[in-house]
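In what follows, a structure is listed as structure tokens, so that the remarks can point back to it.
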Amino acid sequence: MSTLDSALWLVRHGFSVFPADHPGAGQCTGIGRGHDPETCTDRGKHPCVPFTRVHTLDERQVHRWFDGQLRNVAVAVGACAGPGGARLLVVDSDRPGAIENAASAFGHRHTPTMRVHTAKGAHDYYWAPAGAQLGNGLGQLRGKFDGDVRGSRGYVIGPGSVHATGTVYELADPEQPPASAPAWLVTALQPSAQQPPRGAASAPARGSGPLLALVRVVLESPQGARNNRLYWAACRAFEHCRSGQLEPRAVASALADAATHAGLPEAEARKTITSAYRRGAR
Ligand SMILES: [Zn+2]
């Protein structure tokens, strides 16, 4: 099946798609700040468009993007809406059995769902409740799951695409639609103030109070306000650093983690934190 056929299949099943780099193209067709197509070695994954804004469910647009073009097809996870406003959640296992093992660790059995076999493991597609706060953060799954999750503002490489190793991403069963995400999984992925993101724990104890409060501000940012809130929180946190209450590296790590959890792409979060740091240094 060509990526054109796969892309058509995806949009007909309600998944919003966009083109990504294909490892067979002469050089990376991906875009993005700080990305050099000529020297890119991480092939087959980079978006060809600013995918948080540019993605489609329209078959004519799919033809324009994929007809006769060597492109992988990617799914704009955050843009996909299911029954009752459900949000798409993709669980990306880095090895076969990873999500099954994580389910067991939480005392549950894995819920079978729409699955795409990848080069290393599998993508499991679930519909999560409309109100669930799901970003790209692992929440309580961290340390218990070999893989990643993709929610709002995330994307995955879709079926029919080719991995850099030559492996084709393949639907396990085209008749199997996404199941509802099991409650244990949705709960485990919720950002929680009781579960400070990685990095917060390495801050000095006397500084953890203000940092945790600022982490919470970032975690609870609504879409559209995330970058501004992150900048604000980072400026406040670096002020605490200058008075010796917090350690800059712990601040940067904790805030980057919180922002990623809230759905901000990591590169964007790092850039915002760096500019807040530079502002303080002036
Ligand atoms: Zn690239």
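Quick note: the coordinates plus some simple rules give every number you see, no bench work behind them. What you are looking at is a predicted structure, and each value in this text was computed from that prediction instead of being measured. Cβ sites come from the backbone with ideal geometry, for glycine too, and all protein chains shown count toward neighbours.
Side notes on the structure shown:
- Among the cysteines of the chain, those whose beta-carbon sits 4.7 Å or more from every other cysteine beta-carbon are C48, C80, C235, C241.
- Rounded Å value of the spacing that divides the Cα centres of region 16-38 and region 51-100: 16
- Highest-first arrangement of 48-56, 253-261, 60-68, 212-220, where packing means the average Cβ count within 10 Å: 253-261, 212-220, 48-56, 60-68
- Where only C-alpha atoms are counted, convex hull volume of the chain per residue in Å³: 131
- Stretched out straight at 0.36 nm per residue, the stretch from Q69 to T111 would grow longer than its current Cα-Cα span by 11.5 nm.
- Relative packing of 231-239, 36-44, 177-185, which averages over residues the other C-beta atoms within 10 Å, highest first: 231-239, 177-185, 36-44
- Counting only alpha carbon atoms, the long axis of helix 208-219 and the longest principal axis of the chain meet at about 30°.
- The listed peptides 272-282, 78-88, ordered by packing as a protection proxy, come out as 78-88, 272-282 (highest mean of other Cβ atoms within 10 Å first).
- Dipole check for the chain: with +1 at the C-beta of Lys and Arg, -1 at the C-beta of Asp and Glu, and the Cα centre as origin, the magnitude is about 1220 Debye.
- Alpha-carbon centroids, region 219-282 and region 107-141: separation in whole Å: 27
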